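Since every read-out is calculated from the coordinates, none of them should be taken as a lab result. No experiment lies behind these values; they were computed from the predicted model shown. Ideal geometry is used to build each Cβ from the backbone, glycine not excepted, and the neighbour counts take in all protein chains shown.
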Amino acid sequence: MSLRGTVWAPIGPSPISQGGSPVNGLVSAIAVSASNPNLIYMGTAAGGVWRSDDGGTSWIPIFDRQLSLGVGEPGALAIDPNNTDVVYVGTSQRVSAQPQAGLFKSTDGGASWIRLGSGYPSSNTGNANQFVGQWINVIIVDPANGNILYLASTSGCFRSIDGGRNWTAGVNAGGDARSLVLDTSTPVGSRILYAGINGRGVFRSNDGGQNWTQILSGTTPAVAAAVGAAPAGFNKTIVAIAPPTSPPNAAGVQVLYATLQGTGGAPDPVGVFLSTDQGGTWTQRTATGMPTGTQGGYSFHMAVDPGSPGDGANDIIYFGTVGHGRSKDSGNSFTGLTGLHADNHSWVFIPRPNPTPSIVFCGNDGGLYRSMDGGATWTSLSSGGLQTGLFYNIDMRPDLTGSNNVGALQDNGTQTRVGASGLGWVSGQGGDGWDVVYDGTTAGQVYCTSGFWSPAPCTRIWRSTNDAATFPTEITPWGTASDAGCYLGPLATDPSAAGILYASGSQNLWQSRDGGNTWRILSAFAGTGDIDVARTQGNNVVIGIGNRVFVSTNALAATVGAPSGVTFADITRNLPPRNVARVVFDHNDPTIIYAVLGGLNGGPGNRGHVFRTSIGATAWTDISPDLDLPFNAIALDGTTTQLRSMQAPTSA
């Protein structure tokens, strides 16, 4: 096999210019060296792990060749404080679809990695391979002994005493443990830890994570009163520990804080709870001004500044949901934080001698931020070559040189390279960018779908005439009677004609023949689907929805429906019953269609990832490479019959 062409070169975005602030993709975990605050590791939802040696001014990717690029939140990234060359990474697909990969370890600062328990190299033995089937949420390395590790995952809390090779599950700590904290003031032989487990509550271990006792639940009086009557309840549970008092209590830190994601009509979040006796009793704080709206626990984390007094009255709490807040009175009141992107995922601190405030790091949907003044101002650390944006879709200007790129990104809107410099991109529209496409022949005209708009409809369609620099014109065809909900709305244009636009709503496939000014429904479909239009025959339109494929050969007919109007035929035929991620016509033959499928191979009739058929055929031909991974994207060479397909779980 030979490769032709040039090597891949980065084109950004690094950063995205959004409202005057540089942003990037979602940061799920942060690790900063306690002895060198310029050494920062950043974990992302689908962009791997990045390292900075200059305090976040510049970044290098150090995890790109691993099986998964998703790092668990809020803390599945840890530096061994005993040896800062040792780094641990726990993978997760909680936010972005990624292969299950497990737990990784580096002993050279991220230059190389092993997947613990994989058997490679031969000395890499043990039972850590069990984490391949789990999402890892938190990793803690004991500062007194680098061989002792604590881990929280979707299967509970675990402990290792041999540097991560072998793990023992804690007794009575099963469930999705979304938070885990260690009381480092307790004796090494009897460490006290606290864990927050989804839907169960807060648990304490007095023996280094081997056995666990529940200390907060739905029946805890303060919690029961705050949650309310059924069906109200709670799910994601966060526990945070105050720093030791001065002098420290011989029995360990006494002050704990907890907060809960509300469900079933309960307040969301369900307030802030305080214990001053290691979880023996709890009271609810007033929490005036507390940020609200966890989006189902998606954006929700809390931590206590280690520069706090630890007295349960004047502790500094950083609290994040969609917005961010800070309390300096142990949760009685909160002040909103400005200068941060929405949707919190992680907090990390570097304490400094009083009265100098701790250095605070915040990870959110817009990247990594740092404050040196107690949260009063924030500096974005999302430039310097960092590329972690979560692209749903991307398109190229249909001129001879592909002179511009546009993209739709998770929580970072619709972006363009027009008006940017270097690796930077510019935001033409905020929110969540769903899809973006150039018009077939109208220069500079771009269409996008985006959300979350309020009031309804949540998903809307917009038009730009300046290469996505701005989207001033809304052209959404639906209201609230049909195609409702928040969803990624796919778009497609006719490459050979101006103004012909297709939009896949949650119930119908829509067509516009005048750039979105007027619309008609071509067919009802059960959900959204990927659409393509044949380059040399605008009547040929294909759509993949779920595990089905449909095609029309008269999409430009004057009417809709048989006998002479637009109709679609089901050509799923012998395709495996898995999600059809993308469908595309051959660029030179408007009757040939390719499809790529997500998921992994199954039994007979459920194997293969890349398929080809023609409109007049009776079956699909499996043309898959010898690679069993989910295929989510496909690209064709437009000048030859050569097919180029890529496995790219997070890109389009």
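So if R0 is 35 Å, what FRET efficiency would Asp64 and Ala617 give, r being the distance between their Cβ atoms, rounded to the nearest 0.05?
Computed FRET efficiency for Asp64 and Ala617 comes out at 0.35.
Over what distance in Å are the Cα centres of region 216-232 and region 380-455 separated?
45 Å
Tell me, what ³J(HN,Hα) does each residue in region 248-261 have, in order and in whole Hz, if you take phi through Karplus 6.51 cos²θ - 1.76 cosθ + 1.60 with θ = phi - 60° and put x for Gly and Pro?
x, 6, 4, 8, x, 4, 9, 9, 10, 10, 9, 8, 9, 6
What is the gain in length, in nm to one decimal, between Ala569 and Tyr120 on full extension, counting 0.36 nm per residue of separation less the C-alpha to C-alpha distance?
Answer, rounded to one decimal: 156.6 nm.
Go through Phe334, Pro625, Asn147 and say which Cα lies farthest out towards the positive end of the charge dipole of the chain; charges sit on Cβ, +1 for Lys and Arg, -1 for Asp and Glu.
Pro625
Which of rounded, prolate, oblate describes region 391-528, given a ≥ b ≥ c as roots of the alpha-carbon gyration tensor eigenvalues and a/c under 1.5 marking rounded, otherwise prolate only if a/b is larger than b/c?
Here region 391-528 falls in the oblate category.
Using the Karplus curve 6.51 cos²θ - 1.76 cosθ + 1.60 with θ = phi - 60°, what ³J(HN,Hα) values do you get for each residue of region 515-529, in whole Hz, with x for Gly and Pro?
Result, ordered by residue: x, x, 6, 9, 9, 9, 7, 8, 6, 7, 9, 7, x, 7, x Hz.
Please give the FRET efficiency for Glu474 paired with Thr536, using the beta carbon to beta carbon distance and R0 = 35 Å, rounded to the nearest 0.05.
Working from the Cβ atoms, E equals 0.65.
Can you tell me the dipole magnitude for region 391-528 around its Cα centre, using point charges on the Cβ only (Lys, Arg +1; Asp, Glu -1), in Debye to the nearest 20?
That gives region 391-528 a dipole magnitude of about 100 debye.
Are there trypsin sites (Lys or Arg not before Pro) in region 1-106 that DSSP puts in a loop and that have at most 10 other Cβ atoms within 10 Å, and which ones?
Sites meeting the loop and neighbour criteria: Arg4, Arg65.
What order do you get for Glu474, Glu73 when you list them from fewest to most C-beta neighbours inside 10 Å?
With the fewest neighbours first, Glu474, Glu73 line up as Glu474, Glu73.
Excluding Trp620 itself, what net charge comes from residues whose Cβ is under 9 Å from its Cβ, given Lys and Arg +1 and Asp and Glu -1?
Within the 9 Å Cβ shell, the charges total +1.
Let me know the shape class of the chain, please: from the alpha-carbon gyration tensor, a ≥ b ≥ c as square roots of the eigenvalues, rounded when a/c is under 1.5, otherwise prolate if a/b is greater than b/c, or oblate.
Since a/c reaches 1.5 and a/b is larger than b/c, the shape of the chain is classed as prolate.
Whole-Hz Karplus ³J(HN,Hα) for region 562-568, in order, using 6.51 cos²θ - 1.76 cosθ + 1.60 and θ = phi - 60°, x for Gly and Pro?
4, x, 10, x, 4, 9, 10
Work out, step by step, the length gained on full extension between Leu600 and Met396: first 0.36 nm times the residue separation, then minus their alpha carbon distance; give nm to one decimal.
70.4 nm
Could you pull out every residue, at least 5 positions away or on a different chain, whose amide H is within less than 5 Å of the one on Val272? Hs are placed 1.01 Å off N in the peptide plane, and Pro or chain starts have none.
The answer is Arg285.
For the chain, just give the cysteines left without a disulfide-compatible partner, judged by no other Cys Cβ under 4.7 Å.
Flagged as lacking a Cys partner: Cys157, Cys362, Cys448.
With r defined as the distance between the Cβ atoms of Asp108 and Gln214 and R0 fixed at 60 Å, what FRET efficiency is calculated, to the nearest 0.05?
The calculated FRET efficiency here is 0.90.
When a/c is below 1.5 the answer is rounded, else prolate if a/b is larger than b/c, else oblate, so apply that to region 366-440 with a ≥ b ≥ c taken from the square roots of the Cα gyration tensor eigenvalues.
Here region 366-440 falls in the prolate category.
Could you give the length gained on full extension between Asn127 and Ala456, defined as 0.36 nm per residue of separation minus the Cα-Cα distance, in nm?
113.5 nm
Going by average Cβ density within 10 Å per residue, which order do the peptides 590-598, 566-574, 447-455 take, highest to lowest?
For the peptides 590-598, 566-574, 447-455, the packing ranking is 590-598, 447-455, 566-574.
Could you list, bin by bin from short to long, the percent of Cα-Cα pairs of region 496-592 in 5 Å steps?
3, 14, 24, 27, 21, 10, 2, 1
Got a sec? How would Leu67, Leu488 order by Cβ neighbour count within 10 Å, fewest to most?
If I rank by nearby Cβ atoms, fewest first, I get Leu67, Leu488.
Note down the nm distance, to one decimal, between modelled labels 7 Å out along Cα→Cβ at Val171 and at Ala34.
3.0 nm
Taking amide hydrogens as modeled 1.01 Å from N in the peptide plane, which residues meet the under 5 Å criterion relative to Leu386, leaving out close sequence neighbours?
Amide H neighbours of Leu386: Trp59.
Which whole-angstrom value gives the distance between the alpha carbon centres of region 38-60 and region 179-201?
Here the two parts' Cα centres lie 27 Å apart.
Which residues' amide hydrogens lie under 5 Å from the amide hydrogen of Leu116, considering only partners 5 or more residues apart or on another chain, with H built in the peptide plane?
Residues meeting the criterion, in which the H sits 1.01 Å from N, are Leu103, Phe104, Lys105.
In nanometres, what is the gap between the two model label sites at Asp628 and Cys486, each 7 Å from Cα along Cα-to-Cβ?
A separation of 3.7 nm, rounded to one decimal place.
Neighbour counts of other C-beta atoms within 10 Å: give me Val71, Val560 arranged from fewest to most.
Val560, Val71
Are there any trypsin sites (Lys or Arg not before Pro) in region 515-569 that are in a DSSP loop and have at most 15 other Cβ atoms within 10 Å? List them by number.
Passing sites in region 515-569 do not exist.
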